[in-house]
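The values are calculated or read from the model by the stated rules, or taken from the named source; none is laboratory data. Here the structure is a predicted model, which means the values were calculated and not measured. In this analysis, Cβ positions are derived from the backbone assuming ideal geometry, glycine residues included, and neighbour counts consider all displayed protein chains. We work out accessible area using only protein heavy atoms, side chains counted, and drop any ligands, DNA or RNA first. Shrake-Rupley method; radii C 1.70, N 1.55, O 1.52, S 1.80 Å.
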Amino acid sequence: MVPVATQAVVKTLTAEQVRETKSQILICNTYHLHLKPGEEIIKKSGGLHNFMNWQKPLMTDSGGFQVFSLGFGRDFKMGKMLNKEESLSIKSGHQPKSLKIARDGVFFQSPVDGRKLFLGPRESIKIQESLGADIIFNFDECPPPIADYEYTKKSLERTHRWAIASLQAKGYKLQAQSLFGIVQGGKFKDLRLESAKFIGGLPFDGFGIGGELGFDKKEMFLMLNWVTKILPEQKPRHLLGNGHIGDLIKIFKSGVDTIDCIIPTHYARHGIAFTSSGKLDLAKSVFLKDKNPLDKNCHCFVCQNYKRNYISHLFRAKEITPLSLLTFHNLYFFNTYIEGIRDKIKQGEF
Ligand SMILES: [Zn+2]
């Protein structure tokens, strides 16, 4: 699992603490770091690894997902998953309100200072080269989940054109950085297959699977199985932005190697602990009388030293320390869980 370090930090933790959660790699956000502090500042600090004191592997996404979240995502207030009842539809030719999707990239306004900005495959690669992560991603369009077939098909043509432009921009000059191509295609089987064939046939170092992942979990697993069957087996596959703990075994069984996911850290900041007996909501007053550790099977320093009653009290008192304790425990818990899956794969039990 790749914890999310959007602004070059896993929220609430120091890099030393993140290392102790057994995390091996982090993903930072190209778009956010481009806006603040800007890639030049990071480059002059010796690159992202030095800047954030993280000497283990790093990924940066391409910024493509922000095209979706600042555009149609904002217009329709939606995430990657939708309810089936949703009746809206985005058709071919539609443009989001706050940005313009053009042939070679996206025009938008900086939410920081209102500057007019342009981001396309060439710009994204250039920024990611300056940031200096080990694994970088091609610039893509993540089509909104309510896009119709025609919109998604047009969007996929753009993503494929941008994939080639990303490869050309990188030009194999920095072998130290691996470039991953992103498979899109929305919820449509033929487009997903076409994208897996096209992107899988290009000389990327690995692959990302992005975008709309079906209206329900069953569709997501079907889609993952279609795509992973086509992608070259000897190259890594990364599932972008997905990983509920209950889905992890199925996700890895489908042939995905790595995932990045905000769930352990995001839930922690909302008072939720993941444990071997399910999720705990530490905001609930019942935990004020509970003298157990978050999880008695967990060996993390939080579970060795702190009790549910204290963490619940701190959270209810709106202190900031419990956010960091819960983030540490959740990351350690997810990493230990996935370690178990890795061991099973090694032993051929999968
Ligand atoms: Zn723990």
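Go through the stretch 238-247 and count every residue that is more than 21 Å from Asp61 (Cα to Cα) and open to solvent by less than 20 Å² (accessible area, probe 1.4 Å).
If we filter the stretch 238-247 for residues that are more than 21 Å from Asp61 (Cα to Cα), which is where we start, we get 245-247.
Subset that is open to solvent by less than 20 Å² (accessible area, probe 1.4 Å): 247.
Residues in the stretch 238-247 being more than 21 Å from Asp61 (Cα to Cα) and open to solvent by less than 20 Å² (accessible area, probe 1.4 Å): 1 in total.
The single condition among (1) surrounded by fewer than 19 Cβ atoms within 10 Å (Cβ to Cβ); (2) closer than 22 Å to Ala133 by Cβ; (3) not β-branched (Val, Ile, Thr) that Ser166 does not satisfy is (1). Per the conditions (1) assigned to a helix (DSSP H, G or I); (2) within 29 Å of Asp257 (Cα to Cα), the sole criterion not satisfied by Phe350 is (1).
If you go through the stretch 78-125 and keep only what is over 25 Å from the mean Cα position of the chain (by Cα), open to solvent by 100 Å² or more (accessible area, probe 1.4 Å), over 18 Å from Cys142 (Cβ atoms) and at pLDDT 80 or above, you end up with Arg115, Lys116.
Pairs linking a residue in the stretch 293-307 that is more than 8 Å from the ligand (Cβ to nearest atom) to a residue that is open to solvent by 10 Å² or more (accessible area, probe 1.4 Å), with Cβ atoms under 6 Å and 6 or more positions apart or on different chains, are Asn297/Ser276; Lys307/Lys291. Out of Ser277, Ser285, one residue alone is surrounded by fewer than 17 Cβ atoms within 10 Å (Cβ to Cβ) and within 14 Å of the ligand (Cβ to nearest atom). It is Ser277.
Taking each residue of the stretch 19-35 that is of a type in the set (A, V, I, L, M, F, W, C) and looking for partners that are part of a loop (DSSP other than H, G, I, E, B) with beta-carbon atoms closer than 6 Å, six or more apart or interchain, yields Ile25/Pro57; Leu26/Ala5; Cys28/Ala5; Cys28/Ala8; Leu35/Ser110; Leu35/Val112. Being closer than 30 Å to Lys91 by Cα, open to solvent by 20 Å² or more (accessible area, probe 1.4 Å) and not charged (D, E, K, R), is that true of even one residue in the stretch 180-190? Yes, the stretch 180-190 contains at least one residue that is closer than 30 Å to Lys91 by Cα, open to solvent by 20 Å² or more (accessible area, probe 1.4 Å) and not charged (D, E, K, R).
With respect to the conditions (1) in contact with a Phe, Trp or Tyr (Cβ under 9 Å, 6 or more places away or on another chain); (2) away from the ligand (no atom under 16 Å from the Cβ), Gly271 falls short on a single one, namely (2). Looking only at the stretch 132-174, residues that are among the β-branched types (Val, Ile, Thr), in a helix (DSSP H, G or I) and modelled with pLDDT under 95 come to 1 in all. Exactly one residue out of Tyr310, Tyr267 is among the aromatic types (Phe, Trp, Tyr), within 30 Å of Leu58 (Cα to Cα) and out of contact with any strand residue (DSSP E or B) (no Cβ under 6 Å at 6 or more places or on another chain): that is Tyr267. Comparison of Leu314, Leu323, Leu331 shows that the only residue that is more than 11 Å from the ligand (Cβ to nearest atom), part of a helix (DSSP H, G or I), crowded, with 16+ Cβ neighbours inside 10 Å and in contact (Cβ under 8 Å) with a residue 40 or more places away in the chain is Leu323.
Filtering the stretch 289-319 to residues that are basic (Lys, Arg) and within 21 Å of Tyr337 (Cβ to Cβ) leaves Lys296, Arg308.
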